[in-house]
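Notes for the one structure printed next.
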Amino acid sequence: MGEIGLDYHRNLSAPDVQRDVFARQLDLAARLGLPVAVHDREAHADVTAALLAWPGRGGTEARGALHAFSGDAAMAMHLAATGFLISFALPVAFRSAEGARAAAMALPAAAILVETDSPYLGPDRESRNEPTTVLRVAAELARLRGCTPEEVAAAAHSSFRQLLTVA
């Protein structure tokens, strides 16, 4: 399923409406046997609850990915243990992203994806993100995890292929 989820930052829709629509989108993904790409902005508890209750996909298949992850290590570990992949974008390189940085260090390599969220989430408010930023994200994940960017890329590639495997 395309990017679905909850965004409590802008509140363009009431949270109860967002939760209802998200539940219906998760139901559709389950009926179609598709993984989900999940947007979560300032809605960590509600996103986690919805995903843990979601019966979609499972077994050895990835259930979906949390896009541009901004939660904490506990959230990441809990969701990864139930089959979700955690995708990191450039904010993981910012010291202020303590939760995402802790998650990047704690997760098993097989649970990690790398993204840019181009053109958003750039290096500063005035700069647009570029697709090549994925190299900077991989380098930061490697630094945090004590491995090479190539190891991060190989693990992310394998995880991504698993995510796209449709039963």
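Nothing in this text is a laboratory measurement; each read-out follows from the coordinates by a stated rule. Nothing here was measured: the structure is a model prediction, and the numbers come from that model. Glycine gets a Cβ as well: all are built from the backbone with ideal geometry, and neighbour counts include every protein chain shown.
How high is the FRET efficiency between THR165 and ASP27 when r is their beta carbon distance and R₀ equals 22 Å, given to the nearest 0.05? That gives a FRET efficiency of 0.55. Which distance in nm do the two modelled labels at SER158 and ASP16 give, with both placed 7 Å along the Cα-to-Cβ direction? With each label point 7 Å from Cα toward Cβ, the separation is 4.7 nm.
Using a simple spin-label model with pseudo-atoms 7 Å out from Cα toward Cβ, MET105 and HIS9 lie 2.4 nm apart. Taking the helices alone, the chain has a mean residue ellipticity at 222 nm of -14000 deg cm²/dmol, built from -39,500 (n - 2.57) per DSSP H run of at least 4 residues and averaged over all its residues.
Potential lengthening of the chain between GLU151 and GLU130 amounts to 5.4 nm, from the contour at 0.36 nm per residue minus the alpha-carbon distance. Think of each Lys and Arg Cβ as +1 and each Asp and Glu Cβ as -1; about the Cα centre, that makes the dipole of the chain roughly 220 debye.
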